[in-house]
């Protein structure tokens, strides 16, 4: 209940409504559909018949309200608001649809909906020991899956074949599912930072970028490795080495109290001096119940790193028509330094 207690302490309103799935899990431990009504006197899960037993098992300390067939959530939420005398209600206006917000506002006559402004997301930035353990387990699964994959892949396979093999390995090792849509980008497709796996056949002399993650107790890991096939051509080897050095510079710059923008700059300056305009995304991002969380390790971000932050360090170089490379680790910030959760090697592997 510590997450809920922290939320109540920070709420600064009479009540709150939670609709975002990651926040349902964070506050109640509940992974089904529906919403939460939270105030000082009560915490309630509103859901339908399909999830009632699941809610009882996952959130035994929460009151349950079953939404009957044909009934609308806003009307039942309004009953909770009236029963507890709430006048100001926080809502996830960055998640609700326009129609959903309008329906709520129409039902809550006499009460005011107030934007939650990322309150839950700010609380989720700093992970507790149990959260960190789940992330570390997810990272270990992903790293082991990658190492198990290497002896089995070769030139002549398609990107989709490699993707399926990698995802199967993670599932076999205990992942609840993929942390996000796996990226497998070979040859010229490597110049697309978020390329989707295709039926393209991987050729000798090329690089293949794999960006993937596992999930444990809802918590994600995120890693990227780029591997070569046969004798990798010199321009690609030079790109790889630039990214490898830049990634280490980014890791070395991580420290509690340091601004995220300064960490980004440490890696970016090295790449920009060699491949200008080829590294167009941020150096990293937070990881947790969702794959992209705060803090953002990006240019100009003055937010400072704190113990319990979990961030990625993932520089890349992308050259249209030639290919690209990205190397990424997921790192835990502590008072005593950083813990890199990814064990897979980072030298250029040529299969």
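Each value in this text was obtained by applying a stated rule to the coordinates, not by laboratory testing. Nothing here was measured: the structure is a model prediction, and the numbers come from that model. In this analysis, Cβ positions are derived from the backbone assuming ideal geometry, glycine residues included, and neighbour counts consider all displayed protein chains.
Could you give the distance between the Cα centres of the range 19-85 and the range 214-283, to the whole Å?
42 Å
Would you mind calculating the relative contact order of the range 2-124 from Cα pairs under 8 angstrom and at least 6 residues apart, reporting the percent as a whole number?
On the way: 182 pairs, mean separation 31.9, N = 123.
Once normalised by length, the contact order is 26 percent.
Rg over Rh of the chain, using C-alpha atoms and the Kirkwood radius, what does it come to?
Working: Rg = 22.7 Å, Rh = 21.9 Å.
Dividing the radius of gyration by the Kirkwood radius yields 1.04.
So if I restrict to the alpha-carbon atoms in the range 19-117, what is the Rg, and what is Dmax, the biggest pairwise distance, in Å?
12.8, 35
Do you know the relative contact order of the range 126-340, to the nearest whole percent, from alpha carbon pairs under 8 angstrom that are 6+ apart?
Details: 516 pairs, mean separation 47.2, N = 215.
Relative contact order comes out at 22 percent.
Test of understanding: ordering 346, 82, 231 by Cβ neighbours within 10 Å, fewest first, what list do you get?
231, 82, 346
On a 0 to 90° scale, report how tilted helix 159-172 is relative to the longest principal axis of the chain, with both axes built from alpha carbons and the result rounded to the nearest 10.
60 degrees
Can you put 242, 330, 97 in order, fewest other beta carbons within 10 Å first?
Details: 242 20, 330 28, 97 9.
Going from sparsest to densest Cβ surroundings: 97, 242, 330.
Going by how many other beta carbons lie within 10 Å of each one, how would you line up 225, 274, 220, fewest first? Provide the component values of the computation, followed by the final result.
Values: 225 25, 274 16, 220 28.
Final ranking by Cβ density, sparse to dense: 274, 225, 220.
Find how much the distance from residue 304 to residue 274 grows on full extension, using 0.36 nm per residue of separation minus their present alpha carbon separation; answer in nm with one decimal.
On the way: separation 30, 0.36 × 30 = 10.80 nm, distance 2.80 nm.
Result for the pair: 8.0 nm of gain on full extension.
Compute the helix-to-body angle for 234-253: its Cα long axis versus the longest principal axis of the chain, expressed 0 to 90° and rounded to tens.
50 degrees
Just report the Cα centroid separation between the range 292-329 and the range 137-200, whole Å.
20 Å
Is it possible to state the helix-based mean residue ellipticity at 222 nm for the chain, with each DSSP H run of 4+ residues giving -39500 (n - 2.57), the sum divided by total residues, to the nearest 500 deg cm²/dmol? What is it?
Details: 10 runs with 120 residues, N = 351.
Computed mean residue ellipticity for the chain: -10500 deg cm²/dmol.
Can you tell me the 0 to 90 degree angle between the C-alpha axis of helix 98-107 and the longest principal axis of the chain, rounded to 10?
Between helix and principal axis, roughly 20 degrees.
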